[in-house]
Amino acid sequence: MNHPAAVTPPTPDWSQTALGDAASWPSSLRLTIDILLNSPQAMLLMWGPQQIMVYNEAYAALIGLPSLRAPGGNVPSMQPAAWSWSSAALAPVREGNSLSYRGCNLPLWRDGRMEQQALDLYYTPVPGDDGIAGFLCTLALARPTASADNQAPLRLLVVEDNNDARYLVCETLRALGHEVEAVASGEEALPMLGQHQFDVLFTDVSLPGMSGVDLARQALQQRPQLAILFASGYGDELTRRLEFPAQSLQKPYDIEQLQTMLEQIAATLRPG
C-alpha cells in the first residue's frame with residue numbers, strides 16, 4: 001500500500017532566535033521541537049527561565065493573531081493565554097507531572113475580533129540538562145463531555161521499542177488522564193500482563209523479537225477481556241485480517257485520534 005510522503009517543514013535559522021544555535025541544545029529540546037514542528041496538532045513550547053516560546057503553524061492558525069509567525073523562538077511581550085489563563089495551572093507541571101484541562105475558555109482571534117473558545121489543554125514537562133526546563137502545551141477544540149464511566153482512567157500497557165516514541169506516547173496518555181506502564185519488547189510485556197491488571201495493550205506492530213501481533217495473541221490467552229490497540233503503518237488492513245478483535249492507529253497519528261480511539265475502547269469496556 002502506498003502512503004503519501006510526509007512534508008517536512010524547512011529548518012529555521014535558530015541562531016537568529018533567543019534559543020541560539022541548535023547544535024548547543026539538549027537532546028530533549030531537539031526532540032520536542034522536531035515533534036512540534038511536524039505535528040498537525042496545535043502545540044506551544046515554553047523553554048528556559050526566560051520563557052522562550054516556540055510554536056507550530058497549527059497553533060498560529062488556531063490562535064488567529066495576524067502577528068504570529070511560526071516557529072517563534074523568542075520571549076513574547078505578552079504571555080500566551082495557554083500559560084496565563086490560570087496562575088496555578090502549571091505548578092504541578094513544573095514538578096514533572098503531565099496534566100490535562102478540559103473546556104478552558106481562551107481568547108481566539110476570529111473575523112477581526114477576539115472570541116472566547118472552549119479548548120482542551122494538555123501539558124507535558126520537558127526535561128533539560130538539570131531538571132525540568134520546558135513545558136509543552138497541546139491545544140485542541142474542546143470535545144463533548146463523555147459519560148462519567150467512560151471518563152474513568154484506563155490502565156494501559158504500552159509496548160514500544162523506540163525510547164523517544166515510548167516517552168512521548170506515555171506522557172501523552174498520562175496527560176489524557178490514564179494510568180500507564182511501558183516496556184520495550186513483547187518479551188518484557190508478557191510478565192507484566194501476568195502480574196498486573198490492564199484494560200488496554202497498546203503495542204507497536206513491528207517490535208524486535210516477538211511481534212506486536214504475536215504478543216497480542218499470547219496476551220489474550222492470559223487476559224481474554226484485554227482490549228488490543230496497535231500502532232501500525234498498515235492502517236485497518238491489519239485488523240481486518242486478525243482472528244481476534246483489535247483496533248489500529250495508523251502512524252503518524254495525532255492526539256485527537258488517540259483520544260477518540262481510547263474513548264471508543266472505554267465505551268466498549270464500560271457499556272452504559
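Using a probe of 1.4 angstrom and keeping all protein chains present, the accessible surface of the chain works out to 51 square angstrom per residue. Work out the length of the dipole vector of the chain about its Cα centre, built from +1 on the beta-carbon of each Lys and Arg and -1 on the beta-carbon of each Asp and Glu, and round it to the nearest 20 debye. Taking the Cα centre of the chain as origin, the dipole is about 580 debye. Our estimate of slack between Ser15 and Trp85, defined as 0.36 nm per intervening residue step minus the Cα-Cα distance, is 22.1 nm. Loop-located GluC sites (Glu not before Pro) in region 67-171 (DSSP state not H, G, I, E or B) with no more than 11 neighbouring Cβ atoms inside 10 Å: Glu95. Placing pseudo-labels 7 Å out from each Cα toward the beta carbon at Ala23 and Thr268 gives an inter-label distance of 5.1 nm.
Given the options Asn163, Ala118, Leu176, identify the residue whose Cα lies farthest towards the positive end of the charge dipole of the chain (+1 on Cβ of Lys, Arg; -1 on Cβ of Asp, Glu). Working it through, the farthest residue towards the positive pole turns out to be Ala118. From most to least packed by mean Cβ count within 10 Å, the peptides 211-224, 194-207 give 194-207, 211-224. Return the FRET efficiency for the residue pair Asp130, Glu179: r is the Cβ-Cβ distance, R0 is 35 Å, and the value is rounded to the nearest 0.05. Computed FRET efficiency for Asp130 and Glu179 comes out at 0.75.
Pairs of Cα atoms nearer than 8 Å and 6+ residues apart set the relative contact order; for region 52-120 it is 27 percent.
At full extension, Glu57 and Glu187 could sit 42.8 nm farther apart than now, given 0.36 nm per residue minus the alpha carbon distance. Solvent-accessible area assigned to carbon and sulfur over the chain amounts to 50 percent, based on a 1.4 Å probe. Report P(r) for the chain: all Cα-Cα distances, bin width 5 Å, range 0 to the bin holding the largest distance, values in whole percent. Result returned by the calculation: 1, 5, 12, 15, 17, 16, 13, 10, 6, 3, 1, 0.
The values are calculated or read from the model by the stated rules, or taken from the named source; none is laboratory data. Given the structure is predicted, the values throughout are model-derived calculations rather than measurements. Cβ atoms come from the backbone with ideal geometry, glycine included; neighbour counts cover every protein chain shown. Calculation scope for accessible area: heavy atoms of the full protein, side chains included, ligands and nucleic acids excluded. Shrake-Rupley method; radii C 1.70, N 1.55, O 1.52, S 1.80 Å.
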